[in-house]
Amino acid sequence: MQHQGVTPWQDIPPSLAPGLQERIPRITEDIIRAVRAEVREYDQPLEGEFGRLISQGVRQALEQFVGLLGTAQTAPDAGIYAAMGRAELDAGRTLDALQSAYRTGARVAWRGLVSEADGLDPGVMFRLAEAIFAYIDQLAAASVAGYSEALASRAGSVQTRRQALVDELLAEQPSATAVRAAARAAQWTVPETLAVVVADHADPVALVRRAPSGTLPARTPDGAVLIVPDPDGPGRRERLAACLAGVASVIGPTVAPGEAHRAARRAAVALGRLQPGGPVRADEHRLDLLLAADPPLVAEIVQARLGPIAGLSPAARARARRTLRAWLDTHGDVTRMAEQLHVHPQTVRYRMAGLRELLGPEAFDEPAARFELQVAVRASS
């Protein structure tokens, strides 16, 4: 068992090194030949950056290993093996092929080095095998680290480019040229239509994992934002609703890309105004959004039309608002009002007579005043 602080190659006689060093060129060729034969992804001409990394990596690995024999040093200079991990990502591969190559290389290296060790004590041969495979494991770990770092960097740069694209799309006066350039950089196809979702959520990237394909996540001062291309395409409305289930969010109107800023502002206003418990569509709350456009003006209308009921008791005020809402909803149909309010029709007539006297008959009879009354009731309910 290897004790802490003891390297696997420390107890191997350094006297083996000269003979092993002489065999490195042939073992290098054997390893490369075996890797190309056994790992399909590497069955290609050893040219360019790929060929340089493989050839240099194999030769350097063998030279470093032989140089470690009999020492307590850790494996030096893993930079090229981290670079090999990054190269796998650049080639669009997982680490499976490289890990297979390491296993093949370890096996061939073991055979080649042991052939020089005839007559060695079996214990030394066992430690040599242990050292080779432990050393290869360290090189493989360096490749995994290089691959992971490159993957994290690429993910970060992709998200940065997507954030830049969202910023261009949501600009108050977007440039079509700038949007197209940002879209190319983010590898995103500019759609004919899109919807902007504004959500009260800390992580837009988490939301987009379940969103319709092509959805862009980003953060803005209004909160988490999703840019959803072709929001009315087959099945996309349903998938978007499922993605936003339980998330306070507003789905803006379907617009052309040049109108994304307007759609985003409408969704943001609706989120603040409606404070929904789940996803809602801005198009279904146009009147609420209209009322939110000029709060001081709406307050004036409320005061002008409902000011007279302010002096009533809280219970009487609430009853008056419910009665007015029923009158507006039913266009003054006493029977339907009675059903909605759960009272006798005569009670409805009595209440309406009192309200006409309190608010003035013009509030009920003149079209403009009646519209203001509807706005006031809606805004104060």
Do the conditions hold for SER175, that is, is it hydroxyl-bearing (Ser, Thr, Tyr) and assigned by TED's automatic domain parsing to the domain that holds LEU274? no
Residues that are under 18 Å from LEU291 (Cβ atoms) and surrounded by fewer than 15 Cβ atoms within 10 Å (Cβ to Cβ), drawn from segment 342-369: ALA368
Single match in GLY105, GLY92, GLY112, GLY123 (criterion: in the same structural domain as GLU29 (by TED's automatic domain parsing), not hydroxyl-bearing (Ser, Thr, Tyr) and not in a helix (DSSP H, G or I)): GLY92
When residues of segment 239-266 are filtered for being assigned to a loop (DSSP other than H, G, I, E, B) and surrounded by fewer than 16 Cβ atoms within 10 Å (Cβ to Cβ), how many remain? 3
Exactly one condition in (1) without any contact (Cβ under 8 Å) to a residue 12 or more places away in the chain; (2) over 21 Å from VAL114 (Cα atoms) is not met by GLU29; state its number. (2)
Is it the case, given these coordinates, that VAL377 is hydrophobic (A, V, I, L, M, F, W, C), part of a helix (DSSP H, G or I), under 30 Å from VAL198 (Cα atoms) and in contact with a helix residue (DSSP H, G or I) (Cβ under 7 Å, 6 or more places away or on another chain)? yes
Quick check on my filter: what residues within segment 79-113 are more than 17 Å from LEU68 (Cβ to Cβ) and aliphatic (A, V, I, L, M)? ALA82, ALA83, MET84, ALA87, LEU89, ALA91, LEU95, ALA97, LEU98, ALA101, VAL108
When residues of segment 143-172 are limited to those that are among the hydrophobic types (A, V, I, L, M, F, W, C), part of a helix (DSSP H, G or I) and more than 18 Å from ALA91 (Cα to Cα), the one modelled with the lowest pLDDT: ALA164
Take the conditions touching an Asp or Glu at 6+ places or on another chain (Cβ under 8 Å), exposed (fewer than 15 other Cβ atoms within 10 Å of the Cβ), over 30 Å from GLY105 (Cβ atoms) and not aromatic (Phe, Trp, Tyr) and apply them to SER157. Does it pass? no
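The values are calculated or read from the model by the stated rules, or taken from the named source; none is laboratory data. This one's a predicted model, so the numbers in the text were calculated from it and none came from an experiment. Virtual Cβ from ideal backbone geometry, glycine too; neighbours counted across all protein chains shown.
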